[in-house]
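Bear in mind that the values in this text are calculations on the coordinates, not laboratory data. None of these values were measured; they are calculated from a predicted model. Cβ coordinates were reconstructed from backbone atoms using ideal geometry, including for glycine residues, and neighbour counts include every protein chain displayed.
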Amino acid sequence: MERRVVITGLGTVNPVGNNVKQTWINIKKGRCGIDRITNYDTSNCKVKLAGEVKDLDVYQYIAKKEAKRMDRFTQFALIAAKEAYADSKLEEAKINRDRFGVIVSSGIGGLGTIETEHKKALVKGHDRVSPFYIPMVISNLAAGNVAIELNAKGVCSCVVTACAGGTDAIGEAYRLIKHGYNDIIAAGGSEAAITPLGIGGFTSMKALSESEDITRASIPFDKERSGFLMGEGAAILIVEEYAHALKRGANIYAEIVGYGSNCDAYHITAPLPNGEGGGKAMQLALDDATISYQEIDYINAHGTSTPLNDKGETAAIKTVFKDHAYTLAISSTKSMTGHMLGATGAFEVMMCVKAIEDSFIPATIHYKVNDPDCDLDIVPNVGRKKEINYALSNSLGFGGHNASIIVKKYQGE
């Protein structure tokens, strides 16, 4: 028998806040977390802006000795997971640790450590790299460290599906719990790729905006959009079986009711021009939830601020939602955070949860120039109050990966 799946804990570190409370306050205010890059010197680089995590004292959350043995992406994941774990009151709960799992995505893993240790190897020799080099850089070690910290002995894996990774991590957690393999899973994503090589790679493939105007750089659905801006951070959600959550008296934020995942099988970086693959993922999620497209109140769009993505995603929404596409609200929080790659999907599912809880739809900020190809209600510049029963989050990644998740307002038994 299929089981109901709910969300009982939230945790995040991202460009607009270092915890969930601070993040939601700033998202509601439409505050932009994008600024000039401080992680390294950009004097000889075309891209000057990104969404960095700010004012985070890592040692407040992780012992100094341990933190130094972790790449930045793992630190982010651990901090977010600890917040979600505490929020879910799992510290106080008597649970079967063998049925408590972790699924944390990362698209790139420990890129900063790779760069640092490679420089060291060129000077001192490759045998002199850190003994912690490998466990610092491999993408699954965020999940591994979270599992160790939380004493989670169930499934432990890392979904690597580029920009769809965080959404797929939550989707896989939902399926594993729905079908009885685990009772609780800490699921989400983490990324820290604002490095010279990371930004340089995306710059050379013409994916990033080179604008130096913070208000005109990450501008989803705007006609003048010219590429995305890199973000960094983590978002972890505690996904739990409904009866298990009820039994221990957990606070239930929302229910996960639908998940769809597929592939364009078209191009290594470009989406299908008409957004067909993303549209099919949305329809798969609707079918899984057994609801009509007319019941969706809000879509947190992938909305990257690239010419192809925003046009294709708009076309896909029109195909799936028909006339309702023009009446539902659609926004991109990447206008505030930038694109957090493997973490972004999890963060955006979290934003859907908060939107439902607070009856508030975040804005797509810095919108200015209308694009006829992106003519839906993108909630421009100012968020709005609205009762939300169903929200859908889209993630579309390099390699043609598409993922959509539907969350529902929790209304009891």
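So what J values fall out for region 397-403 if you push phi through Karplus, 6.51 cos²θ - 1.76 cosθ + 1.60 with θ = phi - 60°, rounded to Hz, Gly and Pro as x?
Whole-Hz 3J(HN,Hα) from phi for region 397-403: x, 3, x, x, 6, 10, 8.
Looking at F321, A193, G112, which one has the Cα that reaches farthest to the positive end of the dipole of the chain (charges on Cβ: Lys, Arg +1; Asp, Glu -1)?
Projecting each Cα onto the dipole axis, the largest value belongs to G112.
Cα-Cα over 23 Å: which of K334/K368; K54/K334; K29/K386; K46/K120; K89/K334?
On the way: K334/K368 16 Å; K54/K334 17 Å; K29/K386 15 Å; K46/K120 26 Å; K89/K334 30 Å.
Those over the limit are K46/K120; K89/K334.
Residue by residue, what Karplus-based ³J(HN,Hα) values in Hz, rounded to whole numbers, does region 245-250 have, using 6.51, -1.76 and 1.60 with θ = phi - 60° and x for Gly and Pro?
Each residue of region 245-250 in turn: 5, 4, 4, 9, x, 6 Hz.
With the cut-off at 20 Å, report for region 1-121 the share of all Cα pairs above it, as a whole percent.
Working: 4228 of 7260 pairs.
The answer is 58 percent, as a whole percent.
Give me the three principal axis extents of region 5-247 from the C-alpha atoms, as integers in angstrom, largest value leading.
The Cα atoms of region 5-247 stretch 57, 50, 31 Å along the principal axes, largest first.
Provide the net charge surrounding G166, with neighbours chosen by a C-beta distance below 14 Å and charges set as Lys +1, Arg +1, Asp -1, Glu -1. Provide the component values of the computation, followed by the final result.
Values: positive: K334; negative: D168, E172, E191, E232, E348.
Cβ neighbours under 14 Å give a net charge of -4.
How high is the relative contact order of the chain, in percent, with contacts defined as C-alpha pairs under 8 Å that are six or more residues apart? Could the numbers behind the result be given before it?
Working: 1126 pairs, mean separation 96.5, N = 413.
So the answer I get is 23 percent.
Determine the distance separating the Cα centre of region 311-373 from the Cα centre of region 3-56; give it in Å without decimals.
17
Read phi for every residue in region 357-363 and hand back ³J(HN,Hα) as whole Hz from Karplus 6.51 cos²θ - 1.76 cosθ + 1.60, θ = phi - 60°, with x for Gly and Pro.
4, 9, 6, 9, 9, x, 8
Add +1 for every Lys or Arg and -1 for every Asp or Glu among the other residues with Cβ under 14 Å from the Cβ of I25, and state the total.
Numbers: positive: K21, K28, K29, R31, K354; negative: E357, D358.
With Lys, Arg at +1 and Asp, Glu at -1, the net is +3.
Could you work out the helix-only [θ] at 222 nm for the chain, with each DSSP H run of four or more residues adding -39,500 (n - 2.57) and the total divided by the number of residues, to the nearest 500 deg cm²/dmol? Each step should come with its number before you reach the end.
Details: 13 runs with 136 residues, N = 413.
Rounded to the nearest 500, the figure is -10000 deg cm²/dmol.
Can you tell me which of 72-82, 365-375, 311-321, 291-301 comes out highest on packing, and rank the rest after it, using the mean Cβ neighbours within 10 Å? Working shown, then result.
On the way: 72-82: 29.2, 365-375: 16.2, 311-321: 23.1, 291-301: 21.2.
Put in order of decreasing packing, that is 72-82, 311-321, 291-301, 365-375.
Taking the Cβ of V123 as the center, what net charge do the other residues with Cβ under 14 Å away carry, scoring Lys and Arg +1 and Asp and Glu -1? Present the calculation step by step, with values, prior to reporting the outcome.
Details: positive: K119, K120, K124, R128; negative: E115, E117, D127.
Local net charge: +1.
With a cut-off of at most 16 other beta carbons within 10 Å, and DSSP calling the residue loop, which GluC sites (Glu not before Pro) in region 328-394 qualify? Please list them.
Qualifying residues, ordered by number: E387.
Two decimals is fine: what is log10 I(q)/I(0) at q = 0.06, 0.09 Å⁻¹ for the chain, from a Debye sum with one equal scatterer on every Cα and no solvent?
-0.21, -0.48
Ratio of region 262-409's C-alpha Rg to 2.2 N^0.38 Å, to two decimals?
0.94
Using the alpha-carbon centroid of each, what span in Å lies between region 237-274 and region 182-201?
17
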